[in-house]
């Protein structure tokens with residue numbers, strides 16, 4: 001669910017050691033040896049964990065435990081979101097919802113360090129029909145209503161709202177938001193001169 005421009009990607013250079021997409025004993029040993037000498041251990045732990053949430057979720061959770069043990073850091077909201085992604089990979093929905101709530105609350109306290117936790121939470125509630133959380137999801141959507149920067153964010157906002165509205169029998173509201181979601185899905189240029197492909201919906205939402 002994480003936006004593609006935030007996905008871990010293979011990069012040549014000195015920072016590769018904390019952006020591994022696979023995790024075996026040799027990779028883990030190399031990572032910890034480099035981490036021992038690193039200045040910013042918290043960021044390296046968080047980034048490496050984020051790279052493993054879908055492929056090695058248990059390893060990601062272990063790294064995040066070490067991250068949180070280091071105390072308060074500016075990437076806490078993203079770390080909570082990463083933890084939720086790993087928990088969802090393992091099928092631990094209830095734990096993931098708690099982590100997403102923590103991420104959203106952290107962003108309320110520190111709005112300058114935003115993540116996609118709000119879209120993950122609202123779409124999870126909408127898609128899985130978690131009706132006991134509809135009110136909370138709608139509250140989150142209302143908070144984010146005028147803060148969507150990219151087309152994919154606006155698409156997710158309207159998609160989540162449409163699904164929840166439809167489940168609540170509000171067909172006109174649902175239809176209106178569904179139509180708007182489709183409009184944002186059809187956007188092919190971000191409007192950013194040097195990054196025309198950033199923040200587009202793509203093909204991951206059939």
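The numbers here are math on the coordinates, done by the rules we state, and not lab data. Everything quoted here is computed from the prediction, not taken from an experiment. Cβ: placed from backbone, ideal geometry, glycine included. Neighbour counts: every protein chain shown.
Quick notes on this one:
- Take the Cα of residue 193, step 7 Å toward its Cβ, do the same at residue 128, and the gap between the two points is 4.4 nm.
- Helices in the chain, meaning DSSP H runs of at least 4 residues, each add -39500 (n - 2.57). Divided by all residues, the mean residue ellipticity at 222 nm is -19000 deg cm²/dmol.
- Of the peptides 44-52, 79-87, 32-40, 160-168, the order by per-residue mean of other Cβ atoms within 10 Å, starting with the highest, comes out as 79-87, 44-52, 160-168, 32-40.
- Length gained when the stretch residue 17-residue 66 is fully extended (0.36 nm per residue, less Cα-Cα span): 15.9 nm
- Peptides ranked, highest mean first, by Cβ atoms within 10 Å: ranges 187-195, 96-104: 96-104, 187-195
- Where labels lie 7 Å past Cα in the beta-carbon direction, separation of residue 183 and residue 25 in nm: 5.8
- All Cα-Cα separations within the chain were binned at 5 Å from zero, giving a P(r) of 1, 7, 14, 18, 18, 16, 12, 7, 4, 2, 1, 0, each value a whole percent of the pairs.
- Alpha carbon convex hull of the range 117-206, projected area averaged over orientations, nm²: 5.7
- Fully extending the segment from residue 43 to residue 145 would add 33.7 nm, taking 0.36 nm per residue of separation and subtracting the current Cα-Cα distance.
- Degrees separating the helix 76-89 axis from the principal Cα axis of the chain, which is the longest one: 80
- 0 to 90° range, to nearest 10: angle between helix 171-185 axis and the chain longest Cα axis: 50
- Taking only Cα atoms of the range 6-123, radius of gyration then Dmax in Å: 13.8, 40
- Modelled FRET efficiency - R0 22 Å, residue 175 with residue 93, Cβ distances, 0.05 increments: 0.15
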